[in-house]
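The next block holds one structure in the form of structure tokens; read it before the comments.
Just so it is clear, none of the values below were taken in a lab; they were calculated from the coordinates. In this text, all values refer to a predicted model and were calculated from it rather than measured experimentally. Note: ideal-geometry Cβ built from the backbone for every residue, glycine included; neighbour counts use all protein chains shown.
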Amino acid sequence: MPAWPKSFYTFGAGLLTARAEWRLRRKRGAVAAQQRTFKGLVPQLAATSFWRDAGIEAGTAYDKFRSRIAPRTYEQIAPAIERMRRGEAGVLWPGRCALFAVSSGTTAGATKYLPVTEEMLAHFRQTGLDSLLYYTVRAKHAGVFRGRHLFLGGSTALTALPEAGPNEAYAGDLSGIAALNLPAWVEKHLYEPGTTIAQLGDWPAKIDAIVKRASTLDITMLAGIPSWVLILAAALREHSSEGKRRVTNLQGLWPNFECFVHGGVPIAPFYDELRTVLGPTVKFHEVYPASEGFIAAQDAEAVAGLRLMTDAGLFFEFLPMTDFDEARLDQLGPKAVPLEGVRPGVDYALLLTTPGGLVRHVIGDVVRFVSTEPPRLIYVGRTKLQLSAFGEHVIEKELTEALLAVCRRHDWTITNFHVAPLFANSLTGANRGRHEWWIELKPGTVATPIGPPMAAELDVELQRLNDDYAAKRKGGGLESPTVRLVMPGVFRHWLTYRGKWGGQHKMPRCRSDRLVADELAQVTNFAVD
């Protein structure tokens, strides 16, 4: 690509913003876009060995597809992906796949290898740009393109897969793979922290290198997981205090800094602290990416939800959580609905069909539509990370909101938390189960948190938010919760133990078993008040 001056690209960004605004204003384009996407994917899938054997033909209509093809989890297609990793062509998608995104999600499960085909790379390039254009439409200008964009993503270093043999295949973090395949103009004029630093996998070393490089740049956009952005911000402020530029927030360091892009974890527990360290006029822009595909991005105020990206190559279906049962997926295909069948306020398990060869793939996320015209949704939790050991059906969103409400009343700042069931135990005299909250708060608050009063407040909040939980508590089927206030660093130790410290890794907020809680017990010196 010619080395055009940056003014050319910023002018082009203005034109793209105008086009994005026109697309977002179209009233009924989402369903038609999804129908076109489905028709484009089916012939490609029919040309593969796995999906041809499963019953997909070139002319398969949606009704037949819906009744014939069962939803599948990763584990159910893992053998086919293994064939792709070994170099076999035409398994889940036409041709041979040379790139695989490594993902372990938040469920503490085994590592997943997700195919990243050329068509998926094109999808991520388009949605990455579109998601930023949604921001410029909201901001009513394209000024964010005049400076550099700093991404706190995973390492761009890829690992060769020896099983691929002479065909060569590589695996790595999706954000790293995407960074290696940016458009030339983005890499030249926007992308930070640069190719050398982006390769680093040692996160403390990476933060240090970013601080030294970025402190003198004109950064207009910052993207990353909130916990790591807070660490970077603290390091940048400390670095500035050692020189002549003492700053209290990042806008003091970067005067043109205007946009913070976040996604993957609920922002609410971190919002107040982020607002303080980023700067008073920085706009927050939420996106909803997954290793399987880019799903949605903010196009209006945060309370309106995120706009489903319906015209970027992914076909979406939604399986009501009232019907969801992973053990019966082979029977649930007809229960899932396309976009035109969804209703606001209903919780759905999200299914994706992608140009990476995933078909009706259960990615493990639960979403809820806020509106259908235009289609906007919110993320409410994980199918496997619901808390329902006692039939209470509590989701991650409700746990987060309950804890946030309690902490805001007392001016406490959440660092991390996890909730697990504590089962009845005749040895301890506990006749009924209860919830066990593991909570790490930021030190230095005026009001000292104490476990039992905090547990009582959480109990009240959760009863307000969840009728099933309230019924179990009032009916005597569930004891009041207990709170374990852990020392600083406990969750970091667990994430490090699990190989999830840094990058896009997230802490599982809850489980219906004690897999995470029992491991936390091994790495913590907790205080129970």
Count the net charge of all other residues whose Cβ sits under 13 Å from the Cβ of T156, scoring Lys and Arg as +1 and Asp and Glu as -1. -2
Nearest 5 percent is fine: what portion of the DSSP beta bridges confined to segment 396-523 is antiparallel? 65 percent
For segment 432-451 and segment 344-419, distance of Cα centres in Å: 22 Å
Restricting to DSSP H runs of at least four residues, report the calculated mean residue ellipticity at 222 nm for the chain, -39500 (n - 2.57) per run over all residues, nearest 500 deg cm²/dmol. -11500 deg cm²/dmol
Kindly rank 300-313, 329-342 from highest to lowest mean number of other beta carbons found within 10 Å of each residue. 300-313, 329-342
Give me, ordered by chain and number, the residues 5 or more places off V380 or on other chains with an amide H under 5 Å from its own placed amide H. V366, V367, R368
Can you flag which of K397/K474; K397/K442; K112/K140; K283/K442; K140/K188 are past 32 Å Cα-Cα? K112/K140
Counted charge near P280, where neighbours are those whose Cβ lies closer than 13 Å (Asp, Glu -1; Lys, Arg +1): 0
Take every DSSP beta bridge whose two residues both sit in the chain, then give the antiparallel share in percent to the nearest 5. 65 percent
Charge sum, other residues only, whose C-beta stays under 12 Å from W437's C-beta, Lys/Arg counted +1 and Asp/Glu -1: -2
Ranked packing of 350-362, 222-234, 283-295, most packed first, by mean Cβ within 10 Å: 350-362, 283-295, 222-234
